[in-house]
Amino acid sequence: MWRELITSLAEDSDYTYEFAPPATYFQLDRLEQIFAASLPDALRKLLLESNGVRQILHYKGEHVPIGQIIWDAETIIW
């Protein structure tokens with residue numbers, strides 16, 4: 001679900017998105033312990049689908065990483 005939605009943002013643009021492997025349940029449990037709160041369902045589902053998403057610009061034959069548009073679990077904790 002999330003991959004398709006994010007990928008659709010790049011249609012007719014010079015950008016693509018790089019999806020990380022899914023977060024582990026250990027990482028999600030750690031987030032909840034650190035913040036002493038349950039993760040919102042949408043965030044949990046997103047991280048289980050892809051533990052972070054990077055935006056890539058395609059310009060004059062080059063692939064230029066722009067940055068993370070969705071942080072991975074470790075970056076959220078940091």
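When only residues in segment 20-42 that are polar (S, T, N, Q) and surrounded by 12 or more Cβ atoms within 10 Å (Cβ to Cβ) count, which is nearest to TRP71 (Cα to Cα)?
GLN27
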Just to verify a result, which residue in segment 43-78, among those that are more than 14 Å from PRO22 (Cβ to Cβ) and of a type in the set (A, V, I, L, M), is surrounded by the most Cβ atoms within 10 Å (Cβ to Cβ)? ILE76
What number of residues within segment 44-68 are in contact with a Leu (Cβ under 9 Å, 6 or more places away or on another chain) and either of a type in the set (A, V, I, L, M, F, W, C) or at pLDDT below 90 (or both)? 7
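The values are calculated or read from the model by the stated rules, or taken from the named source; none is laboratory data. Computed from a predicted model, the values in this text were never measured in an experiment. For neighbour counting, all protein chains shown are included, and Cβ atoms are generated from backbone atoms with ideal geometry for every residue, glycine included.
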